Amino acid sequence: MTFSSGVALRRAILARPWLHKMMAPIAEKYTDLAGYRQLGLVRDDLIADENETVQEAIKRLPPKVAYDRVYRLRRAVQCSLAHTILPKEEQTKPEGDISYLMPYIEEIERERKEREELDSLTRAK
């Protein structure tokens, strides 16, 4: 699944309250089993940054948020290399697992869509 199709699937689920209600417990269980919170990561840390949109979003992050992201990633790599997890008090709590990168990604996608629409305009005769 590509990044944009994952975003589209997320939007489709959120647009249907009955489907969101059905998927929420499954998503929460999956998140717990994924184990990234045990390494101190948040959901947006898992977004692959090989794509142009994500690279631009990372550049737009405020310095403190960008520093925190790099710190979490480096700490997770260290835990992975040592085959350990963080102590409970250092693990990411569900309420601390907030989206910090997706708003920037969505903003960039809106800007690109708007630019494409403006570039495709033709002059009426």
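Numbers at a glance
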{"quantity": "³J(HN,Hα) computed for each position of region 40-47 - Karplus, 6.51 cos²θ - 1.76 cosθ + 1.60, integer Hz, glycine/proline x", "calculated": "x, 8, 10, 3, 5, 5, 8, 5"}
{"quantity": "The chain: most fluctuating residue of 16, 112, 37 per GNM, C-alpha cutoff 10 Å", "calculated": "16"}
{"quantity": "Label-point separation, residue 30 to residue 109 (7 Å along Cα→Cβ), nm", "calculated": "1.6 nm"}
{"quantity": "Of 46, 118, 67, farthest towards positive along the dipole that unit charges on Lys, Arg, Asp, Glu beta carbons give the chain", "calculated": "118"}
{"quantity": "Full-extension gain in nm, residue 13 to residue 88, via 0.36 nm per residue minus C-alpha separation", "calculated": "23.8 nm"}
{"quantity": "Carbon/sulfur fraction of accessible area - region 2-73, other protein chains in place, 1.4 Å, %", "calculated": "64 percent"}
{"quantity": "Per residue, in Å², the accessible surface of the chain once ligands and nucleic acids are set aside, probe 1.4 Å", "calculated": "75 Å²"}
{"quantity": "Region 35-120, dipole about Cα centre (Lys/Arg Cβ +1, Asp/Glu Cβ -1), debye to the nearest 20", "calculated": "600 debye"}
{"quantity": "Most mobile listed residue (81, 46, 101) in the chain, GNM with C-alpha springs under 10 Å", "calculated": "81"}
{"quantity": "Cα centroid separation - region 15-43 against region 90-117, whole Å", "calculated": "17 Å"}
{"quantity": "The chain: most fluctuating residue of 98, 85, 26 per GNM, C-alpha cutoff 10 Å", "calculated": "26"}
{"quantity": "Under the Karplus curve 6.51 cos²θ - 1.76 cosθ + 1.60, θ = phi - 60°, whole-Hz ³J(HN,Hα) for region 7-21, x wherever Gly or Pro sits", "calculated": "5, 5, 5, 4, 5, 5, 5, 5, 6, 10, x, 5, 6, 4, 5"}
{"quantity": "Cross-link pairs beyond the 31 Å C-alpha cut-off, checked among 21/64; 59/113; 21/59", "calculated": "21/64; 21/59"}
{"quantity": "Note, ³J(HN,Hα) from phi for region 66-71, Karplus 6.51, -1.76, 1.60, rounded to Hz, x at Gly and Pro", "calculated": "5, 5, 4, 4, 4, 4"}
{"quantity": "Degrees, to the nearest 10: 102-119 long Cα axis against longest axis of the chain", "calculated": "20 degrees"}
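The values are calculated or read from the model by the stated rules, or taken from the named source; none is laboratory data. Please read these numbers as outputs of a predicted model, since none were measured by experiment. Cβ coordinates were reconstructed from backbone atoms using ideal geometry, including for glycine residues, and neighbour counts include every protein chain displayed. When the accessible area is computed, the model is the full protein with side chains, heavy atoms only, and any ligands, DNA or RNA have been set aside. Shrake-Rupley method; radii C 1.70, N 1.55, O 1.52, S 1.80 Å.
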